[in-house]
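The values are calculated or read from the model by the stated rules, or taken from the named source; none is laboratory data. What you are looking at is a predicted structure, and each value in this text was computed from that prediction instead of being measured. Neighbour counts run over all protein chains shown; Cβ positions are idealised from the backbone, glycine included. Only protein heavy atoms, including side chains, enter the accessible area calculation; ligands, DNA and RNA are left aside. Shrake-Rupley method; radii C 1.70, N 1.55, O 1.52, S 1.80 Å.
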There are 2 protein chains.
Amino acid sequence: MAAFTSKDVARIAGVSQSTVSYVMTGKRPISEPTRRRVLDAMAQLTYEPHSGARALAGRRTQVVGLVVRFGVGGETFGLLPFIETIASSARAHDHDVLLVTADEGSAGLRRLAGRALCDAIIMMDIEEQDERVPVAAALSVPVVLIGVPADPAGLHCVDLDFEAAARMAVDELADTGHDEIVVVGYTAAAMERGLNFVVRVLRSVREHGQVRGLPLTVIEPVERGREAIAKVADQLLARRTGGRLGVVVPHSDTIVPLLNALRKRDVVPGRDISLIGLSTDREAEQSDPPYTNVSGEPRDVSRRAMETLFWLLDPTSGVERPAIDLVAPRLTRRTTVMPTPSN
Amino acid sequence: MAAFTSKDVARIAGVSQSTVSYVMTGKRPISEPTRRRVLDAMAQLTYEPHSGARALAGRRTQVVGLVVRFGVGGETFGLLPFIETIASSARAHDHDVLLVTADEGSAGLRRLAGRALCDAIIMMDIEEQDERVPVAAALSVPVVLIGVPADPAGLHCVDLDFEAAARMAVDELADTGHDEIVVVGYTAAAMERGLNFVVRVLRSVREHGQVRGLPLTVIEPVERGREAIAKVADQLLARRTGGRLGVVVPHSDTIVPLLNALRKRDVVPGRDISLIGLSTDREAEQSDPPYTNVSGEPRDVSRRAMETLFWLLDPTSGVERPAIDLVAPRLTRRTTVMPTPSN
DNA sequence: CGAGTTCGTCGATACGCATCGACGACGCGC
DNA sequence: GCGCGTCGTCGATGCGTATCGACGAACTCG
């Protein structure tokens, strides 16, 4: 691996270095015989262009910056599918992915753009009030947000439509004849952090509960751990005063423990109580029992984000993208919602 | 963000461009007043060096390539802690992380090295026979493997000491007076893929079971999903013919479902049967019930891998690193192993 | 007090590629 | 048969940084 240069390729192919470059970029016509000689020479040397030189001369890096937040306590809301989708989408466009953690805050963003480390940035886990958003908006490279802050500052956002998801859950419970709804919130830390989607779901469920005329309670905050979940289960049972109680659990990490806690109390979801979770279909299917859920596939969201990103990099390459792109959720009925009473 | 250059900094500071460079690298002495003027100018312009130019001239990128395998079916063995640790360790050394997925195979490696995209590579999820290992060994940049292939080809490897972990589990069961051991294997796909650690654990448990004179059965393959786990539970109960049965579960994904299945059958781990899992402590603690486990913290492994990597990048910077670096596991007793009978 | 050092700075160059302007070889129309 | 546009290629230049050799100044030591 002696690290060949385009000059080496040129020499072997018997052409000038610039011709080699034009073969690669296609920015000028090259005759078929010449092109072939050049390609052969490249193959023979297993030539790879030096990315640094390319970035310097061509002012583009073929790298996408990805800013992720690793949960402090390991609470990483299914981060992996996002990352995976972004990585493979980037590769499909001949780009690579540079990973930056969110705990660098705005400094990471400035580094990415200032050092010309990447051509564009995807930033995940956007908070309602996110100090990084204005910084990102001022960068010299396009930025796509996964998550919708209070003020996107002109940046493109992609996210699951949590408001719609909340409405769908409420509608499903209302349509199947429930007469009360309880929403299980999330940890105080998450709520405080302005963790976007939990807040939005709670708000939307509240509103839509009113629209459908269903009394609605929110249990919050709900910490992690057996005891906390057990307490929630008890609260649910206390509320279940003979009526048809529907529970909405916006956070997938809470669902399985809650199902276990209910089972321990001999309460069967789908018979004695109803439960709808917000989670990926995969989690909902593999649970025991499989629960009815409203899903947003991380893959859909990040795929759309990447489409937007590459459109920003080359606006001629497709149709205009919406500034705020909300992915529609989907309700899948499984076993945890009581059927409508037949009388 | 007009993208300033070191020349701009030099002009403002009233020095030459090379002086600015020497201030940054510290490779030549600079007087204190000059240094200060230069640093002030940098701060004033919020100057950031162009990474491409730096890579070109300085032949180093300050980037670490990370090759990960996203599980085909989402079976990503706690990948995130590895990635997180690697990312933060890289940042601590003023490096960034370029993420490459394993499905590019060796091509990804060649690209990383050939295009000078990074200074060193960490490759995870190494298989027993891994076609990428010889390729990696021939690269122009140092490579550290997380996982130990049959032939490391001279590369440095870091991994949990699975053999030791298996022995510890067997010892614990033997020491607490069990008279039979069952090992729950993993999916056929994983085994076939040569998924390193499962294979090694099975082998080591077998061997050490013999040493300790305990009859030992391996249940394999074990697929995912409720039914498969249920079948395993039934098999375990069938074997439990009055004796003291100890179960070793090498894969953390299998443990919780198995605990659930046992509970459903009114078998209480720690009273009627013993179970030791291989998993992170976090998983073991948060399970219901918390199970006795032998842990290897992903963070320990990836931290050591990064230490080795930076040592390879600068061998003068610390003590020599072992070619094969196995992290010692730790047994933590919780609730799922029956205590030694007191008679 | 002169020869040899070390210190601090500068100018020039190379790194590997993309791109621009130039230019010869053609093909076309009249 | 001559001007003109197009095609295909080349040489030269610039991108922003690191580094090397040089050089004056200050300092050391005999």
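Being away from DNA strand D (no atom under 16 Å from the Cβ), surrounded by fewer than 18 Cβ atoms within 10 Å (Cβ to Cβ) and free of Cβ contacts under 8 Å to residues at least 40 places away in the same chain: is that true of residue B:88 here? Judged against the criteria, residue B:88 is not a match.
A quick yes/no check of all residues on (1) part of a loop (DSSP other than H, G, I, E, B); (2) more than 14 Å from chain B (Cβ to nearest Cβ); (3) open to solvent by 70 Å² or more (accessible area, probe 1.4 Å); (4) of a type in the set (A, V, I, L, M):
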position: A:228; (1), (2), (3), (4): no, no, no, yes
position: A:234; (1), (2), (3), (4): no, yes, yes, no
position: A:237; (1), (2), (3), (4): no, yes, no, yes
position: A:276; (1), (2), (3), (4): no, yes, no, yes
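Just to verify a result, which residue in the range B:291-314, among those that are among the hydrophobic types (A, V, I, L, M, F, W, C) and farther than 17 Å from residue B:66 by Cβ, is surrounded by the fewest Cβ atoms within 10 Å (Cβ to Cβ)? Among those residues, the one meeting the criterion is B:311. Here B:72, B:63 are screened, and the one residue that is at pLDDT 95 or above and away from DNA strand C (no atom under 16 Å from the Cβ) is B:63. Within the range B:18-40, the set of residues being closer than 19 Å to residue B:59 by Cβ and either within 14 Å of chain A (Cβ to nearest Cβ) or near DNA strand C (Cβ under 6 Å from one of its atoms) (or both) comprises B:18, B:22, B:24, B:28.
Identify, please: which residue in the range A:277-307 is over 21 Å from the mean Cα position of the chain (by Cα) and not polar (S, T, N, Q) and is, among those, modelled with the lowest pLDDT? The residue in question is A:288. Scanning the range B:5-38 for residues that are open to solvent by 80 Å² or more (accessible area, probe 1.4 Å), closer than 27 Å to residue A:140 by Cβ and either of a type in the set (Asp, Glu) or in contact with a Phe, Trp or Tyr (Cβ under 6 Å, 6 or more places away or on another chain) (or both) returns no hits. Can you tell me which residue among B:263, B:282, B:303 is under 18 Å from residue B:79 (Cα atoms), without any contact (Cβ under 8 Å) to a residue 24 or more places away in the chain and either among the polar types (S, T, N, Q) or outside any strand (DSSP E or B) (or both)? After applying the criteria, what remains is B:282. Just checking, does the range B:322-339 include any residue being open to solvent by 40 Å² or more (accessible area, probe 1.4 Å), assigned to a helix (DSSP H, G or I) and either polar (S, T, N, Q) or within 13 Å of chain A (Cβ to nearest Cβ) (or both)? Within the range B:322-339 (the criterion being open to solvent by 40 Å² or more (accessible area, probe 1.4 Å), assigned to a helix (DSSP H, G or I) and either polar (S, T, N, Q) or within 13 Å of chain A (Cβ to nearest Cβ) (or both)), the answer is no, since none of the residues qualifies. A single entry from A:267, A:256, A:232 fulfils the requirement of being more than 25 Å from the chain's Cα centre (by Cα) and under 30 Å from residue A:160 (Cα atoms): A:232. Can you find a residue in the range B:35-47 that is of a type in the set (A, V, I, L, M, F, W, C), free of Cβ contacts under 8 Å to residues at least 12 places away in the same chain and either in a helix (DSSP H, G or I) or assigned by TED's automatic domain parsing to the domain that holds residue B:132 (or both)? Checking the range B:35-47: at least one residue is of a type in the set (A, V, I, L, M, F, W, C), free of Cβ contacts under 8 Å to residues at least 12 places away in the same chain and either in a helix (DSSP H, G or I) or assigned by TED's automatic domain parsing to the domain that holds residue B:132 (or both). Could you tell me whether residue A:183 is assigned to a strand (DSSP E or B) and over 17 Å from the mean Cα position of the chain (by Cα)? Here the answer is yes, as residue A:183 does meet what is asked.
Note on the range B:1-17: residues that are in a loop (DSSP other than H, G, I, E, B), near DNA strand D (Cβ under 10 Å from one of its atoms) and within 14 Å of chain A (Cβ to nearest Cβ) amount to 4. Being away from chain A (no Cβ under 14 Å), in a strand (DSSP E or B) and open to solvent by 10 Å² or more (accessible area, probe 1.4 Å) is a property that residue B:218 has.
Could you list, in sequence order, all residues of the range B:18-27 that are within 39 Å of the chain's Cα centre (by Cα) and more than 6 Å from DNA strand D (Cβ to nearest atom)? Steps first, answer last, please.
So in the range B:18-27, the residues within 39 Å of the chain's Cα centre (by Cα) come out as B:21-27.
Result: B:23, B:26.
Just a yes or no: is a residue in the range A:105-112 in contact (Cβ under 8 Å) with a residue 24 or more places away in the chain, open to solvent by 20 Å² or more (accessible area, probe 1.4 Å), away from DNA strand C (no atom under 16 Å from the Cβ) and at the interface with chain B (Cβ under 10 Å from one of its Cβ atoms)? Yes, the range A:105-112 contains at least one residue that is in contact (Cβ under 8 Å) with a residue 24 or more places away in the chain, open to solvent by 20 Å² or more (accessible area, probe 1.4 Å), away from DNA strand C (no atom under 16 Å from the Cβ) and at the interface with chain B (Cβ under 10 Å from one of its Cβ atoms). Number of residues in the range B:126-140 that are assigned to a loop (DSSP other than H, G, I, E, B) and open to solvent by 40 Å² or more (accessible area, probe 1.4 Å) equals 5.
Within the range A:41-53, the residues that satisfy the criterion of being at the interface with chain B (Cβ under 9 Å from one of its Cβ atoms) and more than 9 Å from DNA strand D (Cβ to nearest atom) are A:46, A:47, A:48, A:49, A:50, A:51.
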